[in-house]
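The structure under discussion appears below in the form of structure tokens.
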Amino acid sequence: MHAIQSSLRLGSEFETNGTDRWASRYRVSDLAVHSIGAVGCAIAELIAARSAKQASPSVVVDQRLASLWFARSIDPVDWSLPPVWDAIAGDYRTKDGWIKLHTNLPHHRAAACKALGVRPERDAVTAAVARWTGDDLETAIVEAGGVAAAMRSRAEWKAHPQGMAICSEPLVAWTDERRIQRTRRPATSEAPLEGMRVLDLTRVLAGPVATRTLAAFGATVLRLDPPGWDEPNVVPDITLGKKCATLDLRDSGSRQIFETLLSEADVLVHGYRPGALEGLNIGRERRRSIAPNVIEVCLDAYGWSGPWAGRRGFDSLVQMSSGIAEAGMTWAAATKPTPLPVQALDHATGYLMAAAVLRALLACERDEPVADARLSLARTAELLAAHPQEDTDTRSPTFEDKDWVEDLERTPWGYARRLRSPLQVGDIAMTWRSPACELGSATPQWTTR
């Protein structure tokens, strides 16, 4: 059994096809295969649990496609995705090393420039950053309401109070174990999550991957975003199979709509930091009183304990903090931070979140106690960092014509090709019933297919 598979405690075996793997200091393609395999094994066991006469179907993961799904799943035809980064975001030299500024959101860009005392111009930012130490600037930007991460080595992260806290947390923390009343849905072996309602309060990128995965097996996913929110460079990739609506949870009327939706949901997936939902008057006790049978799976960036438990973060920042970018720089003999070839922390955490939902459903199907789950990007980073890639002659996958579904997907932005499913569970592949959609394009209500 592969070490990552053992760490994930999948409970079932699966088959892997293909040999292509990302060139990296760490075993990124193995993480892709086994996090997607965790979903497949859980789906297979769920199907078997619903039929006393049926054995668990076989599970096959295509390593090449799994690796590519960690990069992107969509190929626009005669249109282009917006740039991933804004003009200010990136790695900068400090007095004592490197720091990454994440400035894609306007308020994060404003916070960074405020802390630096400069206008949002790259040359000015570069000059200003060079006058700071990494730790001091990281602290200043965070205190100003922004997000940044000084580059640390693995040894420095393990000695850091937050690094030590992360190492003590489980990969998936199961909480609030209880008995719940099962809601029978018209699921089939072809669509094992048919009729299941998933309320999605997640944004870039892990949470949306989780709910996109649940939609692939028949779940009804309703994503809620605050007014004016947009993620133009990832929305075409991660809204596949969903309905997306707008609600301002700071408004009492919108909260009433949310509470009604929650009361009719089976699963709540959210990416709010500890205490954030309490600040909106929809804390755990309130949510449990409204929807005692809802399964919750949530994530944050830097874990659920330690001094940074409430800190905002993204995949690229966690790579800098946790020593992954520094280890990549040494491995590549580079002169600047070298991140993973894909946002593997986001994608892997997303698939593990989907698998956690499925494991909770499986417990429910077996009339066992059900628990909620908490994950974090930083804890997934520890899983990956424990598995270095020793071979240096790896062949990174490239997109080829054979990788795409034959039928074009008609999106609001134009036609696109979509990657073939990396996962096969018996006769079932990941399949979506609706194309990607724009945020805010639906009304905040449950709809039947």
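The values are calculated or read from the model by the stated rules, or taken from the named source; none is laboratory data. Computed from a prediction, not measured in an experiment: that's the story for all the values here. So basically every Cβ, Gly included, is an ideal-geometry build from the backbone, and we count neighbours across all protein chains shown.
Some notes on this structure:
- Looking across the stretch 91-109, the residues that are crowded, with 17+ Cβ neighbours inside 10 Å and in a helix (DSSP H, G or I) come down to His108, Arg109.
- Scan of the stretch 255-281 for residues that are assigned to a helix (DSSP H, G or I), farther than 15 Å from Asp372 by Cβ and free of Cβ contacts under 8 Å to residues at least 60 places away in the same chain, ordered by number: Arg255, Gln256, Glu259, Thr260, Ser263, Ala276, Glu278, Gly279
- Some residue of the stretch 263-285 being more than 16 Å from Ala210 (Cβ to Cβ), surrounded by fewer than 21 Cβ atoms within 10 Å (Cβ to Cβ) and within 16 Å of the chain's Cα centre (by Cα): yes
- Hits in the stretch 45-66 - residues which are aliphatic (A, V, I, L, M) and either at pLDDT below 95 or surrounded by fewer than 18 Cβ atoms within 10 Å (Cβ to Cβ) (or both): Leu46, Ile47, Ala48, Ala49, Ala52, Ala55, Val60
- Taken as a whole, the stretch 67-78 holds at least one residue that is farther than 28 Å from Asn17 by Cβ and either crowded, with 23+ Cβ neighbours inside 10 Å or in contact (Cβ under 8 Å) with a residue 12 or more places away in the chain (or both).
- Answer from Arg395, Arg366, Arg359 - the residue that is under 30 Å from Asn293 (Cβ atoms), surrounded by fewer than 16 Cβ atoms within 10 Å (Cβ to Cβ) and in contact (Cβ under 8 Å) with a residue 40 or more places away in the chain: Arg366
- Summed over the stretch 422-449, residues that are among the small types (Gly, Ala, Ser), in a loop (DSSP other than H, G, I, E, B) and out of contact with any Pro (no Cβ under 7 Å at 6 or more places or on another chain) total 4.
- Residues of the stretch 119-171 classified as among the aliphatic types (A, V, I, L, M), surrounded by fewer than 22 Cβ atoms within 10 Å (Cβ to Cβ) and outside any helix (DSSP H, G or I), total: 3
- Considering (1) surrounded by 17 or more Cβ atoms within 10 Å (Cβ to Cβ); (2) in a loop (DSSP other than H, G, I, E, B), the lone condition that Ala32 does not fulfil carries the number (2).
- Of all residue pairs spaced 6 or more apart or on separate chains, those with beta-carbon atoms under 9 Å, a first member in the stretch 28-55 that is basic (Lys, Arg) and a second member that is crowded, with 19+ Cβ neighbours inside 10 Å are Arg50/Ala187; Arg50/Pro192.
- Contact map, the stretch 369-382: first residue buried (at least 23 other Cβ atoms within 10 Å of the Cβ), second residue of a type in the set (S, T, N, Q), Cβ cut-off under 6 Å, separation 6 or more or different chains; pairs are Leu375/Thr349; Leu377/Thr349; Thr380/Thr349; Ala381/Ser322.
- Asp176 assigned to a helix (DSSP H, G or I) and either surrounded by fewer than 17 Cβ atoms within 10 Å (Cβ to Cβ) or among the β-branched types (Val, Ile, Thr) (or both): no
- Residue within the stretch 200-217 that is over 22 Å from Ala38 (Cβ atoms), in contact with a helix residue (DSSP H, G or I) (Cβ under 7 Å, 6 or more places away or on another chain) and not β-branched (Val, Ile, Thr) present: no
- Take the conditions (1) touching a Phe, Trp or Tyr at 6+ places or on another chain (Cβ under 7 Å); (2) surrounded by fewer than 19 Cβ atoms within 10 Å (Cβ to Cβ); Arg433 misses just one of them, which is (1).
- Per this entry, Ala191 is counted among residues that are in a loop (DSSP other than H, G, I, E, B), farther than 19 Å from Ala442 by Cα and among the small types (Gly, Ala, Ser).
- Ile88 being among the aliphatic types (A, V, I, L, M), part of a loop (DSSP other than H, G, I, E, B) and crowded, with 18+ Cβ neighbours inside 10 Å: yes
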